[in-house]
Amino acid sequence: MKNVLIKTTIVALTIMNVTAQNPGIKLADMDKSIDPCDDFYQYANGTWLKNTQIPAQESRWGSFNELVDRNYDNLKKILEECANDKFAKPGSNRQKIGDFYRISMDTLKLEKEGFSPIATYIVSINKIVNKNDLFKTVAEFHNKGISGLFGFAVEADMKNSNANAVYFTQPRLGLPDKMYYTDAKYESIRVAYKKHIENMFSLLGDKADVAVKNAETVFNIESQMADASMGRIELRDDEKQYNKFTKVDFFKKQSNLNFNLYITTAAVVNPFIDVVVRQPLYFDKLNQMVTSVSVADWKTYFRWCLIHETASFLSAHFVKENFSFYGTTLQGAKEMKPRWKRSLATIDHSIGEALGQLFVDKYFDAESKKKVNEMVDNLTTSFRERIKTRVWMGDVTKQKAMEKLDKIMRKLGYPDKWKDYTTLTITNDSYVANVLRSGHYTYKEMIDKIGKPVDKTEWGMTPPTVNAYYNPSYNEIVFPAGIMQPPFFDVKADDAANYGVMGSIIGHELTHGFDDQGAKYDADGNLKDWWTEEDMKNFNARTGVIRDQFNGYIAIDTLHVNGQLTLGENIADLGGLTMSYYAYELSLKGKKSPVINGFTGEQRFFIAWAQGWKTLSRPEALKQQIATNPHSPGNFRANGPMSNMKEFYDAFNVKETNKMFRPTNIHAEVW
């Protein structure tokens, strides 16, 4: 009896201690009146969904936005400190950040200037007299970070990942996707878009009838471009987009496109022999258009490209008109974000590593990086064990998969080597001038890579970013400091919650190396088939189950999720959640998970996962997401993967009669 009493006392003390821990989940967000076995997303987030309103400045609101907002508050403090630092050394990052922020906030100066900061570019466009001048102009635009006509990029060769390649691509269009130019359901958006272009030309001083005519000209040119461009699903096929030519052959083939003049004007001095053309049909069309479209109409198009790219950095009339279409019509936002947030986003985009270095010095600690690194170790171990148990894969393919997993590089928090902004001048002359000089810095940094080996220490996101990515050419997973914060990660929180959110995000990025696109790249980051024919057939059959599952979800009105467009992300969600579940089990080291607030560790793991995807979206934003975004809406990202997992069924005792139940024969299981 005595021993029993002692044992009971110890258990009671243990429960009391565990209950006092940070559970990492938000109990107040839950709606326990909902059966978790019928709609887990509503169960985990129902009270939050009922009581939360999307801020007027936002088109959607959720866990990611909450974290972005908190990071922004911290970043604002840095911006204000730099702006008020009268002793910042000229040329230092603090001086550049401070001047950039100060000039961006000077609305009196912006109003006085109107569009005068871009007047020299308008004069240059007006001087265009022939086709050669078109290519001088687009080169000058690209040199400042202004897009138009086509894209030019230098990055890792998809089939030789240690070497940089020169890429020619289709350009960004003014509407979100090529379907917006023709599909009947976007007619009202097309009408609004033409009116927006018209309004912009009016703000540039065009008379009313001329502005209407010019808007029609721009729309007709973009419509032709859109017709020859790849759509969202085609853009997910890297094999289709790897079309290698010698520079001589490609330039000769597109004889109306004076690429030699473009290269000279764009100050591309390093020689190159080959080019990779991502969308050959687009350039075939552009080759025709250069002749069929008049020089006068091309001048109108370039004026549009200029004002479209710079409107956000000019006086209030331009800013408001730009927001009216892109913020309200397309996304449903009711109000513009405060100027400081817009300025912050611009500075992060322009000199993000300078800002990020100050951010991590103040708001990111080594303990977080160490803990996340341990989680990556457990996730990798979990993934390795899962590969071993894949009955649908043969031993040869398994070995190749293991090799790839073992070679995945990890980047956590911030770069080991920071960018050097010494050559970038930031002054108090004008906001848009700073933006364009930053664009030139980025462009120059890019073209200097021609003929040089790939620098795989580079980062594709800035440290404050609330996001993560997998880069197939580098075979790397990257987690900026911005996302390694509560509620996604809290070094003081219970492991179940950290694995449920941050662990699943880590697993998500790892799985991207083995999704329907990542699986086409080998361990060294080369686009290369390393699968047996039988194993790839089995892989496609299994991923097809996920595609079909998500095709069945209705997001809004009669609009279904596009299971093919979202396939890679849905594979990664299922793989990431599965991998993280078993990594959490590994972290327990054979012990039973602790009960906190009445939930087992396994239950808290799934609650944390679902709470990570809580999202409210305006109808306009949700419709655009369905049409163009490779990510499914948050409720389906939460419920979809769990409905395929026996581990979830066991944690919450899901029965055949429950709505979350999916018959075993249609369970999706890949990794």
Take the range 518-541 and flag every residue that is assigned to a loop (DSSP other than H, G, I, E, B) and within 28 Å of the chain's Cα centre (by Cα). 522, 523, 524, 525, 526, 528, 529, 530
Check residue 348 against each of (1) loosely packed, with under 14 Cβ neighbours inside 10 Å; (2) in contact (Cβ under 8 Å) with a residue 40 or more places away in the chain; (3) not assigned by TED's automatic domain parsing to the domain that holds residue 472 and name the one condition it does not meet. (1)
If you go through 144, 96, 136, 109, the only one that is surrounded by fewer than 18 Cβ atoms within 10 Å (Cβ to Cβ), more than 30 Å from residue 525 (Cβ to Cβ) and either modelled with pLDDT of 95 or more or under 27 Å from the mean Cα position of the chain (by Cα) (or both) is 109
Looking at the range 535-555, I want the residues that are at pLDDT below 95 and have a partner that is buried (at least 20 other Cβ atoms within 10 Å of the Cβ) and in a helix (DSSP H, G or I) with Cβ atoms under 8 Å, at least 6 apart or on another chain. Which pairs are those? none
For the range 623-637, state whether one or more residues are within 15 Å of residue 24 (Cβ to Cβ) and assigned to a helix (DSSP H, G or I). no
If you check every pair at least six apart or on different chains, which have Cβ atoms under 7 Å apart with a residue in the range 558-587 that is at pLDDT below 95 first and a residue that is among the small types (Gly, Ala, Ser) second? 586/382
Screening 544, 576 for residues that are surrounded by fewer than 16 Cβ atoms within 10 Å (Cβ to Cβ), in a helix (DSSP H, G or I) and in the same structural domain as residue 602 (by TED's automatic domain parsing) leaves only 544
Tally up the residues in the range 27-52 that are buried (at least 18 other Cβ atoms within 10 Å of the Cβ) and either at pLDDT below 95 or polar (S, T, N, Q) (or both), please. 3
Would you point out the residue of the range 212-244, among those that are small (Gly, Ala, Ser) and surrounded by fewer than 18 Cβ atoms within 10 Å (Cβ to Cβ), that is farthest from the chain's Cα centre (by Cα)? 223
When the residues of the range 547-573 are narrowed to those that are closer than 18 Å to residue 623 by Cβ and in contact with a Phe, Trp or Tyr (Cβ under 7 Å, 6 or more places away or on another chain), which ends up surrounded by the most Cβ atoms within 10 Å (Cβ to Cβ)? 566
Does residue 179 fit the bill of being surrounded by fewer than 17 Cβ atoms within 10 Å (Cβ to Cβ) and in contact with a Gly (Cβ under 9 Å, 6 or more places away or on another chain)? yes
Going through the range 463-483 one residue at a time, which ones are among the aliphatic types (A, V, I, L, M) and touching a Leu at 6+ places or on another chain (Cβ under 9 Å)? 466, 477, 478, 481, 483
Pairs needed: first member in the range 390-403, free of Cβ contacts under 8 Å to residues at least 60 places away in the same chain and in the same structural domain as residue 531 (by TED's automatic domain parsing); second member anywhere, surrounded by 15 or more Cβ atoms within 10 Å (Cβ to Cβ) and assigned to a helix (DSSP H, G or I); C-beta distance under 8 Å; at least 6 residues apart or different chains. 398/387; 402/387
Considering only residues that are under 18 Å from the mean Cα position of the chain (by Cα) and not acidic (Asp, Glu), look in the range 352-371 and name the one that is nearest to residue 460 (Cα to Cα). 352
Restricting to the range 65-117, give me the number of residues that are more than 23 Å from residue 360 (Cα to Cα) and touching a Lys or Arg at 6+ places or on another chain (Cβ under 9 Å). 4
Would you be able to say whether some residue in the range 371-381 is of a type in the set (Lys, Arg), over 21 Å from residue 200 (Cβ atoms) and at pLDDT below 95? yes
Being touching an Asp or Glu at 6+ places or on another chain (Cβ under 8 Å), aliphatic (A, V, I, L, M) and in a helix (DSSP H, G or I) narrows 296, 311 down to just 311
Residue in the range 491-533 that is surrounded by the fewest Cβ atoms within 10 Å (Cβ to Cβ), counting only those that are without any contact (Cβ under 8 Å) to a residue 24 or more places away in the chain and not small (Gly, Ala, Ser): 533
Here are some residues: 310, 291, 300. Which one is under 30 Å from residue 200 (Cα atoms), of a type in the set (S, T, N, Q) and surrounded by fewer than 16 Cβ atoms within 10 Å (Cβ to Cβ)? 291
Name the pairs: first residue in the range 58-75 and within 16 Å of residue 609 (Cα to Cα), second residue among the β-branched types (Val, Ile, Thr) and not in a strand (DSSP E or B), Cβ to Cβ under 7 Å, at least 6 apart or on different chains? 64/466; 67/466
Determine if the range 654-669 includes at least one residue that is modelled with pLDDT of 95 or more, among the β-branched types (Val, Ile, Thr) and under 20 Å from residue 32 (Cα atoms). yes
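The values are calculated or read from the model by the stated rules, or taken from the named source; none is laboratory data. Every value quoted in this text rests on a predicted model; they were computed, and no experiment measured them. In this analysis, Cβ positions are derived from the backbone assuming ideal geometry, glycine residues included, and neighbour counts consider all displayed protein chains.
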